[in-house]
């Protein structure tokens, strides 16, 4: 499915040479939006191929967010890239204790709730301090909040925990408002759509879980 969009990315990459830097930035945002929609659809379907889009999308948004001054989001996309590689490997080979076959969707084990909460709090504090002390970010706390929450959410997705959708619903709502403030209107609209699909995704994964145990 991803390959269907490859000619567009090749074509988009040529446009900045003719239309200037401003056009190039718009093309990157459009490309990120297209890949993001493909990514979210594959996530909704619980398809392992979501990780292919998950490797492409961060490479695009690193440039979009850096140019917009969203430095924490720039950094998180480096994490997303490595998390996508981890997710691909874990979904492919992490099913040993469940027997052969596709890795099942499960609930987040209680033993991980405290570590995830502490990871969020510590990440939020460190990222906020870095943004305030070393960057010109105008939204250090919101940027840090969504980034820290995304760190937890991405790991939960890589482990195929159904509650990861609840985390992303929160991230997407806040991010949409943040990107509107930063005048990344296409990306803001994308995150509103993310929110809606995340709600349906949560319900979809719950149905899949019931079928797994039927």
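The values are calculated or read from the model by the stated rules, or taken from the named source; none is laboratory data. On a predicted model such as this, the values are computed, not experimentally measured, just so you know. All Cβ positions, glycine included, derive from the backbone under ideal geometry; neighbour counts span all protein chains shown.
Filtered by the rule that a residue be farther than 16 Å from residue 40 by Cα and surrounded by fewer than 23 Cβ atoms within 10 Å (Cβ to Cβ), region 156-183 gives 159, 174, 177, 178, 180, 181, 182, 183.
For region 183-209, the set of residues classified as modelled with pLDDT under 90 and out of contact with any helix residue (DSSP H, G or I) (no Cβ under 6 Å at 6 or more places or on another chain) consists of 183, 184, 185, 189, 193, listed by residue number. On inspection, residue 148 qualifies as at pLDDT 90 or above and crowded, with 20+ Cβ neighbours inside 10 Å. Taking first residues from region 17-39 that are crowded, with 20+ Cβ neighbours inside 10 Å and partners that are at pLDDT 60 or above and not in a helix (DSSP H, G or I), the Cβ contacts under 8 Å between residues at least 6 apart in sequence or on separate chains come to 29/184. Of the residues in region 122-135, at least one is under 23 Å from residue 69 (Cα atoms), touching a residue at least 60 places away in the same chain (Cβ under 8 Å) and surrounded by 13 or more Cβ atoms within 10 Å (Cβ to Cβ).
Yes or no: residue 60 touching a helix residue (DSSP H, G or I) at 6+ places or on another chain (Cβ under 6 Å), surrounded by 15 or more Cβ atoms within 10 Å (Cβ to Cβ), part of a helix (DSSP H, G or I) and in contact (Cβ under 8 Å) with a residue 40 or more places away in the chain? First the steps, then the outcome.
Values: touching a helix residue (DSSP H, G or I) at 6+ places or on another chain (Cβ under 6 Å): yes; surrounded by 15 or more Cβ atoms within 10 Å (Cβ to Cβ): yes; part of a helix (DSSP H, G or I): yes; in contact (Cβ under 8 Å) with a residue 40 or more places away in the chain: no.
No; evaluated as a whole, the condition is false for this residue.
Filtering 190, 203 for residues that are without any contact (Cβ under 8 Å) to a residue 12 or more places away in the chain and part of a helix (DSSP H, G or I) leaves a single hit, 203.
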